[in-house]
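Colleague: Below is one structure. I have some questions about it.
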Amino acid sequence: MNNLTTQQFEPMISADGRDGNARKAEQLRQQVNETIANTPVFDLHTHLFAPEFGALNLYGIDELLNYHYLIAEFFRYSDLTPEDFWKLEKTRQSDLIWQTLFVENTPLSEATRGVVSVLNSLGLDTRAANLREAREFFSAQKPADYIEKVLKMSRVSDIVMTNDPLDEDEIAVWNGDEKIDSRFHAALRLDRLLNGWAEAVPLMQKQNYRVSKNIDAGTITETRRFLDDWIAKMKPLYLGVSLPDDFLYPEDSGRGKLIKEAVLPVCREHGISLSLMIGVRRRINPALKLAGDGLGRANVSVVSRICQENPDVKFLVTFLSRENQHELCVVARKFSNLMPFGCWWFLNNSSIITEITRERFELLGTSFIPQHSDARVFDQLVYKWSHSRRLIADALFDSYVNLLHDGRHVTRQEIERDAERLFSENFRNWVGLK
């Protein structure tokens, strides 16, 4: 709660229909802007890591520029082949991306504007001919101090990581003695388990779980034991998985069997939410590697079915396709165990965030989570949240104005309450975090 006095506003339209004082609207606009700008965020989905994870914690200009959004955009302008690009050192790759997207072309895309926003916030030249100044700045930063700086600038109080229990680098940290920064929370990621079972089996066997490629009763029991053990170790706020656009529920497949007989029972027994991120098409252009993923329109009815069949399990749900958003809102109105969240990946663009957020206010009130950063590089928190805050503030202000026109004023206290719900409390309550 920020330290601002509560102040009521009279309706902008009086009882006899005459326009109220425009200054009232200006004051409301200011209150909304200030509140949204200053309310701390619980960032519920990122690919960031706590300092204790060492080299997995990425920051700096070369990481910012080698973000897969920018790599894909680079190839829109460059004649360099992907094969030749991947042979280059990372610094040379980022030099090329900077020269191509920021020097030779105007950085108009959301991803390029994000880099500009970060550099500007740090007092660095956004029109520099090369990366010398930026590299000198980042090389001078102490990791722990820089993390504090970014968290303060972005007004992020808590971060949820994406944690893979089959990744050897992460396993080493979880099995170590070092206490993980309490602001960084785990999310147990199931992608390799559910979408790549054949590759997951030997990795689980290496951890002494007696699983086989044939998903029989014994394998289901061992998979549940695997999840139980990792929940005890990580204490994740939720289990999560990204799924393709053709995902079905129920599904006659190994993935469907694992979800129905292992994942959902574990969620039920532990009282832990399952996050479904649906709509990705992996490697539609394999030459671009991570930058080569795409999206597809999914079947939202899978969510209504899974919510209906599992009323005692809570689901966090987001879709990658814009076309799925309205139906998701409608389904959320019917199932109290469904929480829509964020504008994921290709939806993280100003025009689309604006549309989706307004649609959610109109259909769900404040009973949703408007955004997560999905950040992979620590510095991205600065621009992803500054951009999203502005758009959320615009949508919230217009909702309040419509309410005022309909005859009800809002107070500073109500604005603060709504902002806290959207940015933190809705998620905290959903995952049972006090």
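Each reported figure results from applying straightforward, stated rules to the coordinates on display, with no laboratory input. If you're wondering where the values come from, they're calculated on a predicted model, not measured in any experiment. FYI the Cβ positions are ideal-geometry reconstructions off the backbone, even for glycines, and counts take in every protein chain you see.
Colleague: Could you work out Rg/(2.2 N^0.38 Å) for segment 62-139, with Rg from alpha carbons only? Could you put the intermediate results ahead of the total?
Modeller: Numbers: Rg = 11.8 Å, N = 78, 2.2 N^0.38 = 11.5 Å.
That works out to 1.03 for segment 62-139.
Colleague: Moving to a separate point now. Tell me, what are the semi-axes, in whole angstrom and largest first, of the equivalent ellipsoid of segment 340-434 as set by the roots of 5 times the Cα gyration tensor eigenvalues? Don't skip to the end; give the middle numbers.
Modeller: On the way: eigenvalues 106, 54, 29 Å².
Here the semi-axes work out to 23, 16, 12 Å.
Colleague: I would also like to ask the following. Once you have the Kirkwood Rh of segment 21-103 from its Cα pairs, apply Stokes-Einstein at 4 °C and 1.567 mPa s and quote D in µm²/s. Display every interim value, and only then the final one.
Modeller: Working: Rh = 16.5 Å.
For the chosen part, D equals 79 µm²/s.
Colleague: Right, next: By the gyration tensor of its Cα atoms, with a ≥ b ≥ c the square roots of the eigenvalues, what is the shape of segment 249-356: rounded for a/c under 1.5, prolate for a/b over b/c, or oblate? If you can, show how the numbers build up before the last one.
Modeller: Numbers: a/c = 2.14, a/b = 1.31, b/c = 1.63.
Oblate shape, in that a/c is at least 1.5 and b/c is the bigger or equal ratio.
Colleague: While we're on this one: Need the list of aspartates and glutamates near residue 233 for cross-linking: C-alpha distance under 19 angstrom, and skip anything on the same chain fewer than eight residues off.
Modeller: Partners found: 52, 164, 167, 168, 169, 170, 177, 178, 181, 191, 222, 269.
Colleague: What does the charge count near residue 326 come to, summing +1 for each Lys or Arg and -1 for each Asp or Glu among other residues with Cβ under 13 Å from its Cβ?
Modeller: On the way: positive: 297, 322, 333, 358, 360; negative: 323, 327, 355, 359, 362.
With Lys, Arg at +1 and Asp, Glu at -1, the net is 0.
Colleague: Give me a comma-separated list of calculated 3J(HN,Hα) values for segment 267-277, in order, Karplus coefficients 6.51, -1.76, 1.60 applied at θ = phi - 60°, integers in Hz, x for any Gly or Pro.
Modeller: Karplus values, whole Hz, x for Gly and Pro: 4, 5, 5, 8, x, 10, 6, 10, 9, 10, 10.
Colleague: Counting only other residues whose beta carbon sits under 13 Å from that of residue 200, what net charge do I get with K and R as +1, D and E as -1? Intermediate results must be reported in sequence, preceding the final value.
Modeller: On the way: positive: 189, 192, 206, 213, 255; negative: 164, 167, 191, 199, 222.
Result for the neighbourhood of residue 200: 0.
Colleague: Follow-up. Which whole-number percent gives the relative contact order of the chain, counting Cα pairs below 8 Å spaced six or more residues apart? Numbers along the way, then the final one.
Modeller: Details: 663 pairs, mean separation 101.3, N = 434.
Here the relative contact order equals 23 percent.
Colleague: For the chain, what proportion of DSSP beta bridges, expressed in % and rounded to the nearest 5, is antiparallel? Mind dumping the intermediate values first?
Modeller: Details: 4 of 28 bridges.
Roughly 15 percent of the DSSP beta bridges within the chain come out antiparallel.
Colleague: Which of the peptides 154-161, 373-380, 90-97 is most tightly packed, and how do the rest follow, going by the mean number of other Cβ atoms within 10 Å of each residue? Each step should come with its number before you reach the end.
Modeller: Details: 154-161: 21.6, 373-380: 24.2, 90-97: 17.4.
Ranked by mean Cβ neighbours within 10 Å, highest first: 373-380, 154-161, 90-97.
Colleague: Moving to a separate point now. Which of rounded, prolate or oblate describes segment 58-203 when judged by the alpha-carbon gyration tensor and an a/c cut-off of 1.5? Before the final figure, lay out the partial values.
Modeller: On the way: a/c = 2.25, a/b = 1.35, b/c = 1.67.
Oblate is the answer for segment 58-203, as a/c is 1.5 or above yet b/c matches or exceeds a/b.
Colleague: What list of ³J(HN,Hα) couplings, whole Hz, do you get for segment 388-396 from phi and the Karplus terms 6.51, -1.76, 1.60, once you set θ to phi - 60° and write x for glycine and proline?
Modeller: With coefficients 6.51, -1.76 and 1.60, one gets 5, 4, 4, 5, 5, 4, 4, 5, 5 Hz.
Colleague: Same structure, new question: Using only helices, what value at 222 nm comes out for the chain when you add -39,500 (n - 2.57) per DSSP H run of length 4 or more and divide by the total residues, to the nearest 500 deg cm²/dmol? Mind dumping the intermediate values first?
Modeller: On the way: 20 runs with 206 residues, N = 434.
Result for the chain: -14000 deg cm²/dmol, rounded to the nearest 500.
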